[in-house]
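J.: Could you have a look at this structure, given as structure tokens, before my questions?
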Amino acid sequence: METDWRKVRRWLKGFGIFFILIGAFVIVYDTIYSLPDREGGLMFIGIGLVLFAVGGMIRRE
């Protein structure tokens, strides 16, 4: 069975966007409630950007 790379790319990009949105929510939440830990949000955004980039780099051979 051959891998459907379009689905793999779609899932990776979807998870990337999901993690970016979680990171943005964490940063906004920490800012509103004056919590000192905004690095967690940046970590989620970083993971999301990596997943989105990997999803964009995959090419079908």
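The values are calculated or read from the model by the stated rules, or taken from the named source; none is laboratory data. Predicted model only: the values in this text are computed from it and were never measured. Cβ atoms come from the backbone with ideal geometry, glycine included; neighbour counts cover every protein chain shown.
J.: I need the full set of residues from region 25-53 which are crowded, with 17+ Cβ neighbours inside 10 Å, small (G, A, S) and out of contact with any Asp or Glu (no Cβ under 8 Å at 6 or more places or on another chain), in order please.
T.: G48
J.: Sticking with this one: Could you list, in sequence order, all residues of region 1-13 that are aliphatic (A, V, I, L, M), at pLDDT below 90 and part of a helix (DSSP H, G or I)? Walk me through how you get there before you give the answer.
T.: Pass one, region 1-13, residues aliphatic (A, V, I, L, M): 1, 8, 12.
Subset that is at pLDDT below 90: 1, 8.
Residue satisfying the conditions is V8 alone.
J.: Here is a further query. Those residues that are basic (K, R) and over 23 Å from R59 (Cβ atoms), I need them from region 1-48; list them, please.
T.: R38
J.: Would you confirm, using the coordinates I've provided, whether G16 is surrounded by 13 or more Cβ atoms within 10 Å (Cβ to Cβ), out of contact with any Leu (no Cβ under 8 Å at 6 or more places or on another chain) and in a helix (DSSP H, G or I)?
T.: no
J.: Now a separate question. Only one residue in L49, L42 is part of a helix (DSSP H, G or I), touching a residue at least 24 places away in the same chain (Cβ under 8 Å) and among the aliphatic types (A, V, I, L, M). Which one?
T.: Only one candidate passes the filter, namely L49.
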